[in-house]
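The values are calculated or read from the model by the stated rules, or taken from the named source; none is laboratory data. In this text, all values refer to a predicted model and were calculated from it rather than measured experimentally. All accessible areas refer to the heavy atoms of the entire protein, side chains included, with ligands and DNA or RNA removed. Shrake-Rupley method; radii C 1.70, N 1.55, O 1.52, S 1.80 Å.
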Amino acid sequence: MCFLQHMGTECTSFHNVAQKSYDDLLNESQDIRKTIEKFTNEDRKKNRLGLKTIIYAVCWCAFQAIAFRGHNERPDSINKGNFLEMLKAICSFNDEIKELFRTAPKHASYTSPTIQKEI
């Protein structure tokens, strides 16, 4: 009876969560080192360029003491806010950066308010 209480019947029991974590640790295909090794130097260079551009836009907005976000940031909006408009201006001068942001996955565009605050 004591073992069954420890193990639990729900998938969120401490035992089941620990067992899942252990199984994930042993799964070599999920190893972070293998995932990182898949990136080429060209990928790293592009990611750094995109991140530097975003950091520049964040710093510019912060040093100018202006609002980052706009009221309407939808794609059809005329003015999406200072941060996104600054990125748009930078992209207009550099085709490599423009292509980088155009092809970035939605979950890795680094333009969310949370990421801006972290930067």
Along region 90-101, what does the Karplus equation 6.51 cos²θ - 1.76 cosθ + 1.60 (θ = phi - 60°) give for ³J(HN,Hα), rounded to whole Hz, x for Gly and Pro? 4, 5, 5, 9, 9, 5, 5, 5, 4, 5, 4, 6
Quote to one decimal, in nm, the extra length available between His15 and Asp43 on full extension: 0.36 nm per residue of separation minus the C-alpha distance between them. 6.1 nm
Any idea of Glu99's accessible area? Nearest 10 Å², probe 1.4 Å. 80
